Amino acid sequence: MRPKGTAAELEQRRVDAVRQLRSGERVVAVARSLGVSTTAVQNWKRVVKNDGGLRALRAKPQHVPLCRLTAQQKRRLRTVLLRGAAAAGFATDLWTCARVAEVIRRECGVQYNPSHVGRMLHGMNFSCQKPERLAREHDEAAANEFRTETWPRLKKGRKTRS
């Protein structure tokens, strides 16, 4: 799990740990004062010693790929998604990441791996939806009749005292 704090704050914590170690503090004391594990402090100490000093403790920016769709392409994709999968030429009206990737390829000419489409859709404020499963034989009118008429008759009621 990633520790709390910005990249700059975490980098400063690592640098502070090494400075305390250089001033003669013990690993356990440094770990307690910074609220980290002794293993973390030992790792930072080793990295500084073997990998070139305090520069080795610098924050490394995360690689977050940018969306390859333009704002106009995203609007077009949103329109297609809201019309439904059946309107886009699929057999059922269920959107899957693979289907959305196919629509993006057809409509925008951009190839996306289906496993990455979910993140992009989440960024467009779409959420994962699972269709409610109903038996093919399901009859809503019969189910309502059972709930309102048959079930109350069958249900055990409170016993009355005589």
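The values are calculated or read from the model by the stated rules, or taken from the named source; none is laboratory data. None of these values were measured; they are calculated from a predicted model. Quick reminder, even Gly has a Cβ in these numbers, built from the backbone with ideal geometry, and neighbours come from all protein chains shown.
Checking the conditions here, which among Ala59, Ala91 is within 20 Å of Gln20 (Cβ to Cβ), of a type outside the set (D, E, K, R) and part of a loop (DSSP other than H, G, I, E, B)? Quick ask: steps written out before the conclusion?
Working: Ala91 fails: within 20 Å of Gln20 (Cβ to Cβ).
Result: Ala59 is the single residue among Ala59, Ala91 that is within 20 Å of Gln20 (Cβ to Cβ), of a type outside the set (D, E, K, R) and part of a loop (DSSP other than H, G, I, E, B).
Test Asn43 against the criterion of being modelled with pLDDT of 85 or more, loosely packed, with under 11 Cβ neighbours inside 10 Å and either assigned by TED's automatic domain parsing to the domain that holds His116 or more than 28 Å from Arg119 (Cα to Cα) (or both), and give yes or no. Give the steps one after another, and end with the answer.
Numbers: modelled with pLDDT of 85 or more: yes; loosely packed, with under 11 Cβ neighbours inside 10 Å: no; either assigned by TED's automatic domain parsing to the domain that holds His116 or more than 28 Å from Arg119 (Cα to Cα) (or both): yes.
No, not satisfied.
Take Gly123 and tell me if it is in contact with a helix residue (DSSP H, G or I) (Cβ under 6 Å, 6 or more places away or on another chain) and modelled with pLDDT under 90.
no
Against the definition (in the same structural domain as Val15 (by TED's automatic domain parsing) and either farther than 29 Å from Thr6 by Cβ or surrounded by fewer than 16 Cβ atoms within 10 Å (Cβ to Cβ) (or both)), how does Gly89 come out, yes or no?
no
Quick one: what pairs do we get from the range 8-37, first residue surrounded by fewer than 13 Cβ atoms within 10 Å (Cβ to Cβ), second outside any loop (DSSP other than H, G, I, E, B) and not hydrophobic (A, V, I, L, M, F, W, C), C-beta under 6 Å, 6+ apart or different chains?
Partner pairs satisfying both residue conditions: Val28/Thr38.
Test each condition in (1) polar (S, T, N, Q); (2) within 30 Å of the chain's Cα centre (by Cα); (3) assigned to a helix (DSSP H, G or I) for Gln42 and report the one that comes out false.
Gln42 satisfies all of (1) polar (S, T, N, Q); (2) within 30 Å of the chain's Cα centre (by Cα); (3) assigned to a helix (DSSP H, G or I) except (2).
Could you tell me which of the residues Leu21, Leu10 is assigned to a helix (DSSP H, G or I) and within 15 Å of Lys60 (Cβ to Cβ)?
Leu10
Check Leu94, Leu134 and return the single one that is modelled with pLDDT under 90 and either surrounded by 14 or more Cβ atoms within 10 Å (Cβ to Cβ) or touching a Pro at 6+ places or on another chain (Cβ under 7 Å) (or both).
Leu94
Given the criteria surrounded by 12 or more Cβ atoms within 10 Å (Cβ to Cβ) and not in a loop (DSSP other than H, G, I, E, B), does Arg68 qualify?
no
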